Amino acid sequence: MADARTTRLTTRLAARASRAVDSPHFTRAVFVLIAANAVLLGAETYGGVVAAWLPLLKTAEYLFLAAFTAEILLRLAAHADRPAAFFRDPWNLFDLAVVTGAFLPFLRENTTVLRLLRLARVLRAARFLPQLRVVIVAVGKSLPGTLSFLLVGGLLLYVYAMVGWTFFADDDPEHFGSLGRAALTLFLLITLDGLGDAVRTGLEISRWTILYFASFVLFGSFLLVNLLIGVVIGSLDEARREAEDDRDPPRPPSVPAAVPAEPPPLPLLRARIAAARTALDEAERALTQAAPASATGPPGERVAG
């Protein structure tokens, strides 16, 4: 009996908390709190503001912490009947870590870590912006492709850096004096920064250097960068499709309605009616012929007087 009552109370609490969490007013209020917290963090970077309003800034920080704590508790209450579902959501885990981190003593004593935790509250705004959430999910999905891109890019940089060190180390030691300098120079050339100066310096050494820089820019700036863009766009499309599937879950296939049979053609219908009439006429004649015979009775039978 007590277990059943506890279950009813838990279900009722979860239902009320879910209505509050899912309401648009709650979402707007939390988003406003996150934006105000971002403004507060920005104001604390000005020494004059901190010196003049330090007590007020500390009070505001405590109020923000209390508000975010109440929010996470309300979200936990919304999952009171199914607590495992709360911890399966990555956004819930992130919110819980950000809020509870501010109460841990060894984190509160570290000013830098505490500021980073407060800064992480601003990242929670992605939870309430669907498009930004899709972009973040797409970035996470693009990591495997990005690692492949980094491996290919690193191999390209190494090969061209070794070639550059071999041919330009004596004439241009500032940019190609070692493998590290050559790799740094080529990495900057991928962004096309300083390409003109590098080409002019190379032409003073040899005319054939134009092939070296042109091929590297072709492979590094155009091929690799476009490859990275393709990986990110593919991940973005996948994340967008998943978001649409979450909003509109697939419906079970509906049973198609029975298609009414088409009526027979008019000539066929007339033929059926004529056949039915013929059958009725024959049945009527048979009944008429059988009626007198049944009235007279069998031959030789007499009526007693």
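The values are calculated or read from the model by the stated rules, or taken from the named source; none is laboratory data. Please read all numbers here as calculations on a predicted model, not as lab measurements. Reconstructed Cβ throughout: ideal geometry from the backbone, glycine too, with neighbour counts over all protein chains shown. Ligands, DNA and RNA are excluded from the accessible area calculation, which covers all protein heavy atoms including side chains. Shrake-Rupley method; radii C 1.70, N 1.55, O 1.52, S 1.80 Å.
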Quiz item: When you scan region 98-115, how many residues do you find that are at pLDDT 80 or above and surrounded by 12 or more Cβ atoms within 10 Å (Cβ to Cβ)?
Solution: 6
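For every residue, the table says whether it meets (1) open to solvent by 30 Å² or more (accessible area, probe 1.4 Å); (2) of a type in the set (S, T, N, Q); (3) in contact with a His (Cβ under 7 Å, 6 or more places away or on another chain); (4) in a helix (DSSP H, G or I).
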residue: Ala52; (1), (2), (3), (4): yes, no, no, yes
residue: Glu61; (1), (2), (3), (4): no, no, no, yes
residue: Ala66; (1), (2), (3), (4): yes, no, no, yes
residue: Glu71; (1), (2), (3), (4): no, no, no, yes
residue: Leu74; (1), (2), (3), (4): yes, no, no, yes
residue: Ala85; (1), (2), (3), (4): no, no, yes, yes
residue: Asp95; (1), (2), (3), (4): no, no, no, yes
Quiz item: Inside region 167-239, counting only helices (runs of 4 or more DSSP H) that do not spill past its ends, which hold 2 or more residues that are surrounded by fewer than 13 Cβ atoms within 10 Å (Cβ to Cβ)?
Solution: 173-176, 195-205, 209-217
Self-check item: Looking only at region 241-258, and only at residues there that are closer than 23 Å to Leu132 by Cα and modelled with pLDDT under 80, the one that is surrounded by the fewest Cβ atoms within 10 Å (Cβ to Cβ)
Solution: Pro249
